[in-house]
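To start, the structure itself, in structure tokens.
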Amino acid sequence: HFSSTATQLARIQNVTIIGAGLMGSGIAQVSANAKLNVVLTDISEPALQKAQKSIDTSLRRVAKKKHADDAKAQEDLVQSTLKQLKMTTNLAEAVKEADLVIEAVVENIELKKKLFADVEKNAKKDAILTTNTSSLRLKDIGINLKNKANFGGLHFFNPVPVMKLLEVVRHDETSDETFKSLMEYGKVIGKTTVACKDTPGFIVNRLLVPYMFEALRMYERGDASKEDIDVGMKLGAGYPMGPFELGDYVGLDTVKFIMEGWAKQYPEEPAFRQSPLLSKLVAEGKLGRKTGEGFFKY
Ligand code: 3HC
């Protein structure tokens, strides 16, 4: 006896993630942890090696939390998860068996358009193809796809193993069946899903990114210090990080890039204005934690 859920689950067993950066490795980790067969692919071998390391470290944190006083159970969790995970630089090979492909490469529209055309050529006909974009329109990314019904968005949050939300995005041509399978995948990996349309920033970033820019403008006007704004939002609004701390955590280049994309689509929208301070820091290579300095030094 197969329930409809079991049939849905069977729909997605093999997951391929393209792009072994921060997001891609997190997505690979949570998928492997859910006992799915995972392939992580990247054009760069060193990027895959780095991902392997960060997945290992992150898994050990998860294992420690789950099995606090049991070293063997911790090691079992780490090893059984790693067993589900393969890595390769060969894209065609990586997507061949995939039921679900999740693209998590840099936010470059031309690159993504070309990548999806390549993926469609090499993947199974009924594979579901998705993007983890945070700033580009699905409609534009998928423009070269022949089968647009099997295309959708899966937007994760950083750090992927910790943040409980998954935004499931449908564009005008995403089929109900594809959307349902994506919601089901979210459940399988233990995330809470929300349904989003193909609008700038979906739900979370559409609210979060303009808020971060408002904080920047408040600081640029000299109305409050960065430190006080961060303390204010942490202790007055219950956010785990203040807007400046969060910017440094996500990466200032990413934050700037998201806003640039939206401003191009909606030049009249005042909430999408750039910040001179942010642009200056990014030009100086001060991108946040990952470079040792952003709004703050690390
Ligand atoms: N892997 C596994 N576990 C991790 C982890 C990782 N990478 N990072 C943190 N953890 C675990 C820790 O082990 C810890 O577990 P414990 O509770 O058992 O001790 C728990 O998470 C909390 O971590 P820490 O104690 O180190 O630190 P904090 O309590 O300060 O939490 C945080 C860290 C979870 C990052 C928290 O500060 C937070 O939620 N910050 C806001 C993050 C956020 O807003 N993310 C969204 C950004 S927007 C985005 O991603 C969209 C994109 O499009 C830009």
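Pairs with C-alpha atoms separated by more than 28 Å, drawn from the list 64/290; 65/197; 187/256; 53/180, are 65/197; 187/256; 53/180.
Stretching residue 45 away from residue 60 to a fully extended chain increases their span by 3.1 nm, per 0.36 nm per residue minus the current alpha-carbon distance. Checking the a/c ratio against 1.5 first, then a/b against b/c, what shape does the Cα gyration tensor give for the range 227-298? In terms of gyration-tensor shape, oblate.
Taking 0.890 mPa s as the viscosity and 25 °C as the temperature, the Stokes-Einstein diffusion coefficient of the range 4-197 based on its alpha-carbon Kirkwood radius rounds to 148 µm²/s. For the chain, with a Gaussian network of springs between Cα atoms less than 10 Å apart, report the residue from 266, 185, 249 with the top mean-square fluctuation. It is 266. The residue list 235, 218, 279 was ranked by how far each Cα lies along the charge dipole of the range 205-291 toward its positive end, using unit charges on Cβ atoms, and 279 comes out on top.
The slack between residue 140 and residue 164, meaning 0.36 nm per residue of separation minus the straight C-alpha distance, is 5.9 nm.
Amide H contacts for residue 98 (H built 1.01 Å from N in the peptide plane; partners 5 or more residues away or on another chain; cut-off under 5 Å): 124. Between residue 221 and residue 68, full extension at 0.36 nm per residue minus the direct alpha carbon distance yields a gain of 50.3 nm. Between residue 279 and residue 75, the simple spin-label model (points 7 angstrom out along Cα→Cβ) gives 5.6 nm. Its Cα centre serving as origin, the chain has a Cβ charge dipole (Lys and Arg +1, Asp and Glu -1) of approximately 440 debye.
In the chain, taking the dipole from charged Cβ atoms about the Cα centre, the farthest positive-side position among 204, 130, 181 is held by 181. Using alpha carbons only, how many angstrom separate the centre of the range 8-72 from the centre of the range 216-291? Using only Cα atoms to place each centre, the spacing works out to 29 Å. Farthest towards the positive end of the charge dipole of the chain, among the residues 155, 194, 37, is the Cα of 37, using unit charges on the Cβ of Lys, Arg, Asp and Glu.
Taking amide H as placed 1.01 Å from N in the peptide plane, residue 86 has its amide H under 5 Å from the amide H of 38, 39, 40, each at least 5 places away in sequence or on another chain.
Each value in this text was obtained by applying a stated rule to the coordinates, not by laboratory testing. Model, not experiment: these values are computed from the prediction. Note: ideal-geometry Cβ built from the backbone for every residue, glycine included; neighbour counts use all protein chains shown.
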